[in-house]
Amino acid sequence: EPNLNLNSVEIDLALGEPEVYVIGNRTKLEQVVINMVQNALDALTGVSNPKIVITLGAYETAILRVSDNGSGIKDLEKLFEPFFTTKAPGAGLGLGLAISSSIINNYGGRMTARNNEEKGAIFEVFLPLAG
């Protein structure tokens, strides 16, 4: 929250109705969400009118989507590899997305990333619904 306020980032939060339930460890899932939001926040450095959109819905699976209006992703194919980072030295180890993807895979889900057609990046987590 302090980073969001410091950078004047607009957050658009759309949580699905009814509530969405998945099976997983709350702390580990929070780690994934925090990593996704922090990466979106990092992508907004120097962007005018920075915005992060977070949506959660239940369809065949639960879908959590975090998108930003930053510069997008240059190396999509390497993004989930351990120790791959686009950040400056000392700004990250390149483990956040690899760990997040592993956590999601362990719960029978998957994590994807793509560039937004308009501007920025979209990260999605797909998890089986608790049943």
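The values are calculated or read from the model by the stated rules, or taken from the named source; none is laboratory data. Everything numeric in this text was worked out from a predicted model, so none of it was measured. Heads up, the Cβs are rebuilt from the backbone with ideal geometry, glycines too, and the neighbour counts pull from every protein chain shown. We work out accessible area using only protein heavy atoms, side chains counted, and drop any ligands, DNA or RNA first. Shrake-Rupley method; radii C 1.70, N 1.55, O 1.52, S 1.80 Å.
Miscellaneous remarks
- Heavy-atom accessible area with a 1.4 Å probe sorts Ser102, Ser48, Ser67, largest first, into Ser48, Ser102, Ser67.
- Accessible-area value, Thr55, 1.4 Å probe, nucleic acids and ligands omitted, Å²: 40
- Residue ranking by accessible heavy-atom surface, 1.4 Å probe, largest first, among Glu77, Glu17 comes out as Glu17, Glu77.
- Applying the Karplus relation 6.51 cos²θ - 1.76 cosθ + 1.60 with θ = phi - 60° to the stretch 124-131 yields 3J(HN,Hα) values of 10, 10, 10, 10, x, 6, 6, x Hz, where x marks Gly and Pro.
- Approximate shape of the stretch 20-69 as ellipsoid semi-axes (Cα gyration tensor, √5λ), whole Å, largest first: 24, 14, 5
- Exposure rank, largest accessible area first [Ile104, Ile63, Ile99; 1.4 Å]: Ile99, Ile63, Ile104
- Report note on the peptides 18-25, 105-112, 68-75: ranked by the mean count of other C-beta atoms within 10 Å, highest first, their order is 68-75, 105-112, 18-25.
- Carbon and sulfur %, accessible surface of the stretch 30-75 computed with the full protein complex present, 1.4 Å: 52
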